Amino acid sequence: MKVLFCVSEAVPFAKTGGLADVAGALPAALRRGGLDVRVVMPLYRGIARDGLEPVLTVERPVGGRTIAGAVRRGTMPNGTPVYFVDAPELYDRPGLYGEGGRDYDDNLARFAFFCQAAVAVRRDAWTPDVVHCHDWQAALVAAYLRWERDPLPTMFTVHNLAYQGLFPAAQFELTGLPGAAFAMDGLEFYGQVNVMKAGLVWAHVLSTVSETYAREIQSPEYGMGLDGLLRVRAADLFGVLNGVDYSQWDPTVDVHLPARYGPDDLGGKARCKAALQREVGLPEHAYAPLVGAVARLVSQKGFDLVTAALEGIAAMGVQLVLLGTGDPSLEAAFRAAAARWPQQVAVTIGFDEGLAHRIEAGADMFLMPSRFEPSGLNQLYSLRYGTVPVVRRTGGLADSIVDVTPETLQRGTANGFVFDAYTPEALLATLGRAVAAYRDPGLWRFLQQVGMRADFSWDRAAGRYRDLYALTAERAARWR
Ligand code: ADP
Ligand code: GLC
């Protein structure tokens, strides 16, 4: 089966979050399973052009002008073929979606062109059996196919319902779609253009990145205004938890670490902890519980709970190492915390792949207090690094982290600490439980072992996607 994977970011070429990790690893896992998967993504600034082979030109009117671009073929280091959509006026910029905290104001034109080029990739003498589109940036593919009466089976995966691609109605013409597509059962959404709706309405099969999130988004609380539509499509909506690329995220092979380690010998983890404390400027205390956090600092991730709980966290005697960037007020709050508790709180504002790995390895616990979390990858990485997750019970966190209770300990499934209420008190109480467990080396070692031996490899999820592609082809044949 041939699958075209349409996505706006992929490791190692471009990354703002977990979507890039998924797009870098899932196609390779599917290929190992015998599928012919190719990725199509924009050619952003910073992606090396050497060795890319031009395979076709794409010229499309977008609004009042004609954009001339090319599609160039390359390969990922893991062997997955990649089609890069090259249109420098759209993609040769410092950011992927924006700069300095502001989205580019021509994002609709940028991703409308990208989707039209993705549809055109078939002219490279390779016709996919299924197109798999990810998030709003790739959603218009489903619209173009639908309005061209093209029966190509299409699957759409929601990685985050919070980013829907909303634009003023006046920009609708940039899509090049007929006016009839701007309707309630199309792209219209409370008077605006909602690009994600193209995927949700016209893809034959829908999925999201955990089973719990697939249920949650059908409720008004998590549905971001789209829960009604998602309930209508409930029979076509599936949840598949993300996996981990263990060639990149495993302390036995991780190239970013000062020392390697595995479940049978955790000596290297102690060295990683000391090195991390030195790197971020905290006192080198081997027995101070070190809490790590790496995240986009946006409301989704729940760091307002952490800032509200800082006094209590400091009083527990833990060290906190945070790496993140995003909301300027959260960045400022954490900078202030680092200034107030220099012996306990270390904050790095920015995006740093290497430091993200070293925090996974050097920390004792990993904090993810998310308000919502479609899948989450860092809790899965943490498990493999023997870093015990402390998480809120939502989305993919609920589907991967099993709270420590007498029963789960007895069953041998406990692998972290979980809280329910979105309050600083619940966060503090749960972090308190984790710190108490850390003081019990036998228990702590047990939790680390359960996590490190768990298997969240992509090969499991790839099997599920394979079934969903078959279903997509079946549903598309019936839609005709
Ligand atoms: P999301 O996609 O919502 O950001 P995920 O948990 O799925 O959340 O994935 C986040 C990915 O982005 C992880 O690989 C994480 O290490 C990485 N990441 C997030 N923020 C940073 C940062 N400031 N520096 C380096 N890596 C980061
Ligand atoms: C989104 C979600 C995150 C998920 C990632 C990859 O960014 O916020 O939970 O892991 O996509 O699917």
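Suppose we filter the stretch 347-372 for residues that are open to solvent by less than 10 Å² (accessible area, probe 1.4 Å) and closer than 29 Å to Ser219 by Cα; how many remain?
4
Of everything in the stretch 207-228, what is buried (at least 20 other Cβ atoms within 10 Å of the Cβ) and of a type in the set (Gly, Ala, Ser)? Give them in sequence order.
Those that are buried (at least 20 other Cβ atoms within 10 Å of the Cβ) and of a type in the set (Gly, Ala, Ser): Ser207, Ser210, Ala214.
Looking only at the stretch 51-63, count every residue that is at pLDDT 95 or above and within 15 Å of Pro77 (Cα to Cα) and tell me the total.
1
Would you confirm whether any residue within the stretch 242-262 is aliphatic (A, V, I, L, M), within 16 Å of ligand 1 (Cβ to nearest atom) and not in a loop (DSSP other than H, G, I, E, B)?
yes
I'd like the full set of residues that are open to solvent by less than 10 Å² (accessible area, probe 1.4 Å), among the polar types (S, T, N, Q) and within 11 Å of ligand 1 (Cβ to nearest atom), limited to the stretch 373-387.
Within the stretch 373-387, Ser375, Gln379, Ser382 qualify.
Considering only the stretch 261-274, I want to know if a residue exists there that is more than 30 Å from Arg453 (Cα to Cα) and either open to solvent by 30 Å² or more (accessible area, probe 1.4 Å) or not acidic (Asp, Glu) (or both).
Among the residues of the stretch 261-274, not one is more than 30 Å from Arg453 (Cα to Cα) and either open to solvent by 30 Å² or more (accessible area, probe 1.4 Å) or not acidic (Asp, Glu) (or both), which makes the answer no.
Confirm whether Gly412 is open to solvent by less than 10 Å² (accessible area, probe 1.4 Å) and either on the phi > 0 side of the Ramachandran plot or away from ligand 1 (no atom under 14 Å from the Cβ) (or both).
no
Kindly provide the set of residues from the stretch 352-391 that are more than 15 Å from Val402 (Cα to Cα), more than 14 Å from ligand 2 (Cβ to nearest atom) and either outside the structural domain of Ser299 (by TED's automatic domain parsing) or in a loop (DSSP other than H, G, I, E, B) (or both), ordered by number.
Answer for the stretch 352-391, where residues must be more than 15 Å from Val402 (Cα to Cα), more than 14 Å from ligand 2 (Cβ to nearest atom) and either outside the structural domain of Ser299 (by TED's automatic domain parsing) or in a loop (DSSP other than H, G, I, E, B) (or both): Asp352, Ala363, Asp364, Tyr385.
For the stretch 212-241, name all the residues that are assigned to a loop (DSSP other than H, G, I, E, B), of a type in the set (A, V, I, L, M, F, W, C) and farther than 26 Å from Arg32 by Cβ.
The answer is Ile217, Met224, Leu226.
Mind checking whether some residue in the stretch 305-319 is among the hydroxyl-bearing types (Ser, Thr, Tyr), assigned to a loop (DSSP other than H, G, I, E, B) and touching a residue at least 24 places away in the same chain (Cβ under 8 Å)?
no
Only residues that are open to solvent by 20 Å² or more (accessible area, probe 1.4 Å) and within 22 Å of Ala293 (Cα to Cα): list them for the stretch 427-443, please.
Leu428, Ala429, Gly432, Arg433, Ala436, Tyr438, Arg439 - these are the residues of the stretch 427-443 that are open to solvent by 20 Å² or more (accessible area, probe 1.4 Å) and within 22 Å of Ala293 (Cα to Cα).
Residue-wise test of (1) without any contact (Cβ under 8 Å) to a residue 40 or more places away in the chain; (2) assigned by TED's automatic domain parsing to the domain that holds Val119; (3) within 16 Å of ligand 2 (Cβ to nearest atom).
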| residue | (1), (2), (3) |
| --- | --- |
| Thr154 | no, yes, no |
| His159 | no, yes, yes |
| Ala169 | yes, yes, no |
| Phe172 | yes, yes, no |
| Thr175 | no, yes, no |
| Ala180 | yes, yes, no |
| Ala183 | yes, yes, no |
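The values are calculated or read from the model by the stated rules, or taken from the named source; none is laboratory data. The structure presented is a predicted model; accordingly, all values stated were derived computationally and were not measured. In this analysis, Cβ positions are derived from the backbone assuming ideal geometry, glycine residues included, and neighbour counts consider all displayed protein chains. Remember, those area values only see protein heavy atoms, side chains included, never the ligands or the DNA or RNA. Shrake-Rupley method; radii C 1.70, N 1.55, O 1.52, S 1.80 Å.
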